[in-house]
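Have a look at the structure below before the remarks.
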Amino acid sequence: MKDVGRHPRIKLMTLSEVEDVSGYVGNFNVKVRRKARYVREADCTACGECATVCPVNKYNEYEVGLATRNAIYIPFPQSIPSSYVINMADCLSKDVITCNKCVEKCQKRCIDFDMRDEIVELKVGAVVVATGMDVYDPTRLDEYGYTRFQNVVTSLELERLINAGGPTGGHLVRPGDTKAPKRIGFIQCVGSRSHNRGNPYCSNICCMVTIKNSLLIKEHYPDTEITVFYIDIRAFGKGFEDLYERSKREGVRYVRGLPEHIEEDPSTGSLRLKVENTTAGCIEEHELDMVVLAVGLEARKDGDKIRHLLSLSQTSDGFLAESHPKLMPVDAPTRGVFLAGCVESPKDIKDSVTQASAAAARAGVILSSDKIKLDAAIAVVDKEKCTFCELCVQVCPYSAISASKQNKIAAHVTEAMCAGCGSCAAECAFGAISLRHFEDAQYMAQIEAALAENPQDTAIVFACNWCSYAAADLTGTSRLQYPPNIRIIRTMCSARVNEKFVMQAFKLGAPVVLVSGCHLADCHYMAANRSTVKRMDRLWSRLERLGIRPERLQLEWMSAAEGQKFARVMAELDERRSKVTPEEIEQTRKALEAADKKKVA
Amino acid sequence: MADEIRIGVFVCECGLNIAGFLDCGEVRRYAEGLENVVVSTVNRYTCADPGQQEIKKKIRELNLNRVVVASCSPRLHEPTFRTCVAEEGLNPYLVDMANIREQCSWVHSTDRKAATEKAKDIVRIAVARARLLKPQKENEIPVTDAVLVIGGGIAGIQASLDLANAEHMVYLVEKQPSIGGVMAQLDKTFPTMDCSI
């Protein structure tokens, strides 16, 4: 930590948040809000005199509420930067200077109430997202009485209670009466591995956290009786099984089975629980002085902002999705952005460090090059066909297109800003803008080829490369089965699907067509799939006007992680396909041909 | 001069991942009958060196100007085959992939006939697209040699130090008043049982 503070090539900005990101790989423009600290960081010596006179006492975040802090405080003794900070929301002088005690006390005169937030603009070539996670809040699982019983604590609270730098100086006491607990129970998987309560996934760290803490307690208080209630012990890492065995040798008792609820004896503060020991096949009753809930990890509640700013996507568990689970595990789907630590999935310190070094190496590949190549698949304008209507400008999620109706200036694409979603090409009614390598003619040829034989048995699926096409791949990797009548056409974004593609499919005899893309908030191209929605609405009304059942055109959102959903949607689509009769297909063909003739006339 | 379109279709068995569930030979024969397809071959592993050598050899011998690889997802191996054809002097954008593994053999593994028919269709669709592919040029852009690291927990700290030690400028942005994250709240840590800070 210290190395970060003094490294000549690291500019550390604490109390800071990324407000805006624009640009692209190699050339991101970033706006960072540096919030006012009200203490001049460079001058503060962290002597702590200011805090001794501060009359305010507030919840101490670092000590997870087991201690208080003042309005002017240092988060913890080894903080980097080593400087005090004023939480202005807590300070008595937040509106008018009414207290001023800290200012009077500070000999270095480094407290400044006039300090204001500052916006810093940066230019960077790559971004590493290491925003971490939230620790599961067990208030929601009230059967363990976390909010009702003082001697039920979380594993994070226990960390502070056994830490020499913690509120008790490392002397383990229970919060209810500050007595040393003699009988401690750990309940595993709190907030993890449950489809009903908390999160369905394994939080990865909690088994080892409990094993580690059981050993630390045994080391200092060998007489303590420790019982761990678990479903499975997952001690899979290097050296982990050794620690598990050691803890058993030290006398920690492991009981396979989770208690349903906990009761408190109000006279002693002791806790009683009943558990089915599934190994022994019997019901056990336990009386304990203190219970530790081994809480899991979950995605940050405030993670959406960064996710949207960098156009990242999340897996169904809320953590950020990587580009490929095996081959690009630290690359984010946005080029030039990399993931490190728990923001990607719950992991321990060693794995976080490993992944962070991997992300640094991957970012280094970009930063060490003078120039990088951009994908050629971007929008290009045929200026002769452009009618200056500005529709392409409106649908471009990256503001990469300029045009002027008023001044009759044809559309122009700033190539480096174009990400290649193709929404503009789908929107242009005059064929003036197309997406290189994903041209209309190529799609029309694919549709024609897909329906060349037995069109009545064929369902056409347009799938977005980043989500639904990836979900289709995952369906395969997972060996899930679906009817073989589906023909998938890959688009980079669902917004690339031109209305004429869909009409062409119906004209050529397709019984059903599905357009699929990323969930609305998770579009790989910012919010390009909002254009998909508008086009689908237009298509549905057009089909209705032509007497074609609108339900023959379907829209589905799925993420890259939803292989099961993909298989289910395909089965449903095929079911729908089987209900479209040859007569209906023929009627559709005639209706569309008549409409075409009318247009020509 | 309007060049004649000459397509090579390379059908991959992927060991038994594809060949185990559909008839690759039949797919190859079907491909060879498609318009503009000059040659079609079956390979055990097209992505492996012998498979790639075969593609290069056929480009050279038969003057191929489009390549269709019927194998796995383009999300997996499109870059592999783009590099492969580029090494033989063909523009990398003149390759298309027919995804007959993730989206065919693996999802229709109980119906060999239907899977084979679908694979033929997928190849036909890819060939139709390949006919219309055009060579593309990738633009080059300059890179700013600086990096933004968001988050100053253990992961952000490690990434920042590695990048700064590799001579890159690092901007480390942390929401809290100190770096350290959750790690700084922990007592001893496993597996070494030493201090977290």
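The values are calculated or read from the model by the stated rules, or taken from the named source; none is laboratory data. As the structure is a prediction and not an experimental result, all values here were calculated from the model. All Cβ positions, even for glycine, are placed from backbone atoms using ideal geometry, and neighbour counts span all protein chains on display.
Filter the stretch A:420-443 down to residues that are within 9 Å of another protein chain (Cβ to nearest Cβ) and part of a helix (DSSP H, G or I), then give me how many there are.
Within the stretch A:420-443, the subset within 9 Å of another protein chain (Cβ to nearest Cβ) is A:436-437, A:439, A:441-443.
After this cut, where a residue has to be part of a helix (DSSP H, G or I) as well, the list is A:441-443.
Adding up the residues that qualify gives 3.
Output the residues belonging to the stretch B:153-192 that are more than 14 Å from residue A:364 (Cβ to Cβ) and more than 7 Å from chain A (Cβ to nearest Cβ).
Looking only at the stretch B:153-192, we keep the residues that are more than 14 Å from residue A:364 (Cβ to Cβ), and these are B:153-157, B:171-192.
Hit for the stretch B:153-192 is B:192, nothing else.
Checking residue B:130 against (1) within 14 Å of chain A (Cβ to nearest Cβ); (2) crowded, with 24+ Cβ neighbours inside 10 Å; (3) not in a helix (DSSP H, G or I), which single condition isn't satisfied?
(3)
Scan the stretch A:470-489 residue by residue and report those that are buried (at least 24 other Cβ atoms within 10 Å of the Cβ) and either assigned to a loop (DSSP other than H, G, I, E, B) or more than 7 Å from chain B (Cβ to nearest Cβ) (or both).
A:471, A:486
Please find, within the stretch B:43-58, the residue that is surrounded by the most Cβ atoms within 10 Å (Cβ to Cβ) out of those that are assigned to a loop (DSSP other than H, G, I, E, B) and not charged (D, E, K, R).
My answer is B:46.
Given (1) touching a residue at least 60 places away in the same chain (Cβ under 8 Å); (2) under 28 Å from residue A:464 (Cα atoms); (3) surrounded by fewer than 22 Cβ atoms within 10 Å (Cβ to Cβ), identify the lone condition not met by residue A:363.
Condition (3) is where residue A:363 drops out.
Report whether or not residue A:161 is within 14 Å of another protein chain (Cβ to nearest Cβ) and within 27 Å of residue A:272 (Cβ to Cβ). First the steps, then the outcome.
Details: within 14 Å of another protein chain (Cβ to nearest Cβ): yes; within 27 Å of residue A:272 (Cβ to Cβ): yes.
Here the answer is yes, as residue A:161 does meet what is asked.
Quick check on my filter: what residues within the stretch A:422-472 are without any contact (Cβ under 8 Å) to a residue 24 or more places away in the chain and within 31 Å of the chain's Cα centre (by Cα)?
Restricting attention to the stretch A:422-472, the residues satisfying the condition of being without any contact (Cβ under 8 Å) to a residue 24 or more places away in the chain are A:439, A:441-442, A:445, A:449, A:452-454, A:469.
Passing the criteria: only A:469.
Just to be sure before I move on: is residue A:45 more than 8 Å from chain B (Cβ to nearest Cβ) and either outside any helix (DSSP H, G or I) or touching a strand residue (DSSP E or B) at 6+ places or on another chain (Cβ under 6 Å) (or both) in the structure I sent? It would help to see each step written out before you state the result.
Numbers: more than 8 Å from chain B (Cβ to nearest Cβ): yes; either outside any helix (DSSP H, G or I) or touching a strand residue (DSSP E or B) at 6+ places or on another chain (Cβ under 6 Å) (or both): yes.
The answer is yes for residue A:45.
List every residue pair whose Cβ atoms lie under 9 Å apart, where the two residues are 6 or more positions apart in sequence or sit on different chains, the first residue falls within the stretch B:92-106 and is on the phi < 0 side of the Ramachandran plot and facing chain A (nearest Cβ under 8 Å), and the second residue, located anywhere, is of a type in the set (Phe, Trp, Tyr) and outside any loop (DSSP other than H, G, I, E, B).
B:99/A:469; B:103/A:469
Can you name every residue in the stretch A:385-412 that is among the charged types (D, E, K, R), exposed (fewer than 15 other Cβ atoms within 10 Å of the Cβ) and without any contact (Cβ under 8 Å) to a residue 24 or more places away in the chain? Explain how you work it out, then say what you get.
So in the stretch A:385-412, the residues among the charged types (D, E, K, R) come out as A:385, A:390, A:405, A:408.
Now narrow it down to the ones that are exposed (fewer than 15 other Cβ atoms within 10 Å of the Cβ): A:385, A:405, A:408.
A:405, A:408 - these are the residues of the stretch A:385-412 that are among the charged types (D, E, K, R), exposed (fewer than 15 other Cβ atoms within 10 Å of the Cβ) and without any contact (Cβ under 8 Å) to a residue 24 or more places away in the chain.
Run residue B:181 past the list (1) in contact with a strand residue (DSSP E or B) (Cβ under 9 Å, 6 or more places away or on another chain); (2) more than 30 Å from residue B:30 (Cβ to Cβ); (3) surrounded by 22 or more Cβ atoms within 10 Å (Cβ to Cβ) and report the number of the one that doesn't hold.
Only one criterion is unmet by residue B:181, namely (1).
Per-residue answers, yes or no, for (1) small (Gly, Ala, Ser); (2) in contact with a strand residue (DSSP E or B) (Cβ under 7 Å, 6 or more places away or on another chain); (3) more than 22 Å from residue A:30 (Cα to Cα):
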{"position": "A:297", "(1), (2), (3)": "no, yes, yes"}
{"position": "A:302", "(1), (2), (3)": "no, no, no"}
{"position": "A:306", "(1), (2), (3)": "no, yes, no"}
{"position": "A:319", "(1), (2), (3)": "no, no, yes"}
{"position": "A:324", "(1), (2), (3)": "no, no, yes"}
{"position": "A:340", "(1), (2), (3)": "yes, yes, no"}
{"position": "A:356", "(1), (2), (3)": "yes, no, no"}
{"position": "A:366", "(1), (2), (3)": "no, yes, no"}
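Quickly run through the stretch B:78-91 and pick out the residues that are part of a helix (DSSP H, G or I) and either at pLDDT 95 or above or facing chain A (nearest Cβ under 8 Å) (or both).
The first filter runs over the stretch B:78-91 and keeps only residues part of a helix (DSSP H, G or I), leaving B:78-87.
B:78, B:80, B:81, B:82, B:83, B:84, B:85, B:86, B:87, listed by residue number.
All but one of (1) of a type in the set (Asp, Glu); (2) within 14 Å of chain B (Cβ to nearest Cβ); (3) assigned to a loop (DSSP other than H, G, I, E, B) hold for residue A:95; which doesn't?
(2)
Among the candidates B:95, B:147, B:123, single out the residue that is within 30 Å of residue A:17 (Cα to Cα) and in contact with a Phe, Trp or Tyr (Cβ under 9 Å, 6 or more places away or on another chain). Let's see the steps before the verdict.
Details: B:95 fails: within 30 Å of residue A:17 (Cα to Cα); B:123 fails: within 30 Å of residue A:17 (Cα to Cα).
After applying the criteria, what remains is B:147.
Mind telling me which of the residues B:61, B:4, B:26 ends up being in a loop (DSSP other than H, G, I, E, B) and more than 13 Å from every other protein chain (Cβ to nearest Cβ)?
On the way: B:61 fails: in a loop (DSSP other than H, G, I, E, B); B:26 fails: in a loop (DSSP other than H, G, I, E, B).
Matching residue, one of B:61, B:4, B:26: B:4.
So that you can scan it fast, the table gives a plain yes or no per residue for (1) within 30 Å of residue A:336 (Cα to Cα); (2) within 12 Å of another protein chain (Cβ to nearest Cβ):
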position: A:5; (1), (2): yes, yes
position: A:16; (1), (2): yes, yes
position: A:21; (1), (2): yes, yes
position: A:26; (1), (2): yes, yes
position: A:33; (1), (2): yes, yes
position: A:37; (1), (2): no, yes
position: A:52; (1), (2): no, no
position: A:74; (1), (2): no, yes
position: A:87; (1), (2): no, yes
